[in-house]
Amino acid sequence: MAIRRRRRLPLSLVVGGALVLALVAISALAQWIAPYPYDQMHIRDRFLPPNLTYLAGTDEYGRDVFSRLLIGSQLSLALGGTATLISMGIGVPLGMLAGYRRGATDELIMRTLDVMLAFPPIMLVLLILAVTPPSLLKTAIAIGVLAVAPIARVTRSVTLDLMSGEFMEAARARGERLRYMLMRELLPNIWPVLIVEASLRVVFAVLLGAVLSFLGFGVQPPAADWGLMISNGRAFVDTAPWISLAPGIAMSVTVIAISLVGDGLREVLDPRIGGR
Amino acid sequence: MAAYVVQRLGAAMVIMVAMSVLVFLATHALPSNAAALILGQYSTPETQAALEHRLGFDLPLPVQYWRWASHMLQGDMGQSFEMERPVAPILWDALGRSAILAVCSMIVVSTAGLALGVVAAVWRGRWPDHAASIFTYFGVSLPEFYWGLVLILIFGSTLHLLPSSGYANLAEGLGPFIAHLVLPVSTLTLTLLAHVTRLTRSSMMEALDSVYVKVARARGLPERLVILRHALRNALIPSITVLAQDFGFLIGGIVAVETVFAYPGLGRMLVGSLARQDLPMMQAAILVLTGVYCVANLTADLLYGVVNPRIRYGGSIG
């Protein structure tokens, strides 16, 4: 143990982790950092390019784009987080149960999920959102349900790998109950894989959420949602490109930061692909 | 193999029926009143009721579904509420234009993705590899519609090189036809490229490390021949199947890209009909897109069975 070297954390994890922490801090404090309220209109200062007063310029109503970006980060992170929690909350127990019980339970769960996977993803979400009045929570639920099947599949395959482990046999020999087996024995061993999967899912949810608000089925105006801001700025892309470009840059920084964390975690947790 | 094909075909049929029921039920849960929508805001309840009766909206749901589904199967997709014209011809035209977009994108994605993947694997750890990895990282970090806007900004409104929206018929000449496709196809390529590139890179790296490549090198074959004939051929199998799977993502991407570029395809038609609650139009558009998706999945499955014989004997794949 004396010569044990501390393993260096991969660069992607350090950079991505720092960025994600910064983003979370910024969005938590957005109300206080933002120079102006996100919906305050400065009628005389419409379409101003980025300057010292308005760091990212102003939009067609003279609203400060920078303040809207900050508030928008809350919506994006909330959507990504909620959707992922929903899909993990349903997918992980289903996957564990299927892998643990096998047999008929496994067949029933996995075939149902196969059917879900066979639908074109965006159609289902559009259908749900188009027939009911839009809200952030409903968008999150729609996106979250979409990701249940892939998460359940991953959980199931990891569970199947763990089933032959000695700790599982020992627990079964002690006569532990199903609940204990899943929550106390399996879950702690699955979570590293699940965290990597979750980072992928957050990215997916943020991007899909932006597409949905862009198409008009997600968050509704005047909310400072990034997808919505890009969509609104589309009409002025020739004369005032910053209205659309700024939220896009914010979104790409968010997505790249979370992907870097995912890649870094995968490297740490699975040494086989460490060298890549 | 025959049993496998029959099983996949059966599954696809089940999906189509399930989706048709879902579409039917969901569109009937719409808050809007179809008759009021057609007749306008000054219609009386009596005329609305009369129209509902004529359209069969007062029949029990299963009967309505049966009538709707059997009409669909005969290619009769009903009348668009908004345009007051039959949906079918409009839809097939739009599908054709979307297909042009999809096929062009698939061709570009597969050639560019394979090339980038091979380059990254051959020069692994050096600048071409890093460049390819950064390029694909940025490609997937933003949704299609944003790349569409950026490309419009650069090539449309700043450089005035390419038209930034619309579609030109082949009858208007080959030049305008291609010019209108360049930006939408590039946008779709940018977001789809990463998947193929990464997969090709990793399977190429595996192939380059294999014994048969070492043997080929030991025999003194030129490196170009070793890479193209020995390594790439074996690395191609997973790339082909992933391309077929990506076709599903392409359908989602097309919906957004057609909206950005005002391209008159099926995706834009779907978004428009959803926004205006044009029931027959949205039902038909969703069903046809689901059908295309099912066919793409089926092709991917069968292709996988062809290139990977082990899968055929398993019975079910899970």
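Which shape class applies to the protein assembly as shown: rounded if a/c is under 1.5, otherwise prolate when a/b exceeds b/c and oblate if not, where a ≥ b ≥ c are the square roots of the Cα gyration tensor eigenvalues? Cα axes put the protein assembly as shown in the rounded bin. Counting only other chain Cβ atoms within 10 Å of each residue's Cβ, the peptide B:277-289 averages 1. Contact order, relative form, for chain A: 27 percent (alpha carbon pairs under 8 Å, 6 or more residues apart, mean separation divided by residue count). Ellipticity at 222 nm from helices only: DSSP H runs of n ≥ 4 in the protein assembly as shown, each -39500 (n - 2.57), divided by the residue count, give -23500 deg cm²/dmol.
When A:Ser67, B:Ser70, B:Ser20 are sorted by how many other C-beta atoms sit within 10 angstrom of their C-beta, beginning with the fewest, the order is B:Ser70, B:Ser20, A:Ser67. Pick from A:Glu169, A:Glu60, A:Glu197 the residue whose mean-square fluctuation is largest in a GNM of chain A, springs joining Cα atoms under 10 Å. Among A:Glu169, A:Glu60, A:Glu197, the largest mean-square fluctuation in the Gaussian network model of chain A belongs to A:Glu169. Take each residue of peptide A:128-137, count the partner chain Cβ atoms within 10 Å of its Cβ, and average: the result is 3. Taking trypsin sites (Lys or Arg not before Pro) across the stretch B:170-221, the ones in a DSSP loop with at most 14 further Cβ atoms lying within 10 angstrom of their Cβ are B:Arg219. Using a ≥ b ≥ c from the Cα gyration tensor of chain B (square roots of the eigenvalues), is it rounded, prolate or oblate, where a/c under 1.5 gives rounded and otherwise the larger of a/b and b/c decides, a/b for prolate? Oblate is the answer for chain B, as a/c is 1.5 or above yet b/c matches or exceeds a/b. Counting charges near A:Ala98 (Lys, Arg +1; Asp, Glu -1) among other residues having Cβ under 11 Å from its Cβ returns a value of +3.
The residues neighbouring B:Glu258, those whose beta-carbon lies less than 9 Å from its own, together hold a net charge of +2 under the Lys/Arg +1, Asp/Glu -1 convention. Once both labels are positioned 7 Å from their Cα atoms along Cα-to-Cβ, the gap between A:Glu176 and B:Ala69 label points is 4.7 nm.
Shielding of peptide B:136-145 by partners, expressed as the average count of other chain Cβ atoms within 10 Å per residue Cβ, is 6. Protection proxy ranking for A:185-195, B:142-152, A:237-247, B:44-54, using the average of other Cβ atoms within 10 Å per residue and placing the highest first: B:142-152, A:237-247, A:185-195, B:44-54. Between A:Leu70, A:Leu137, A:Leu21, the residue with the greatest mean-square fluctuation in the GNM of chain A (Cα pairs under 10 Å linked by springs) is A:Leu21. With K and R counted +1 and D and E -1, the other residues having a Cβ less than 13 Å from that of A:Ala173 yield a net charge of -2.
What is the stretch B:43-133 by shape, rounded, prolate or oblate, if you read a ≥ b ≥ c off the alpha carbon gyration tensor as root eigenvalues and call it rounded for a/c under 1.5, prolate for a/b larger than b/c, and oblate otherwise? Cα axes put the stretch B:43-133 in the prolate bin. For an R0 of 51 angstrom, estimate the FRET efficiency from the Cβ-Cβ distance between A:Leu85 and A:Phe47 and round to the nearest 0.05. For A:Leu85 and A:Phe47, the calculated efficiency is 0.85.
Taken together, the values in this text are just the output of simple stated rules run on the coordinates, not laboratory data. Predicted model only: the values in this text are computed from it and were never measured. Neighbour counts are summed over all protein chains in view; Cβ atoms, including those assigned to glycine, are modelled from backbone coordinates with ideal geometry.
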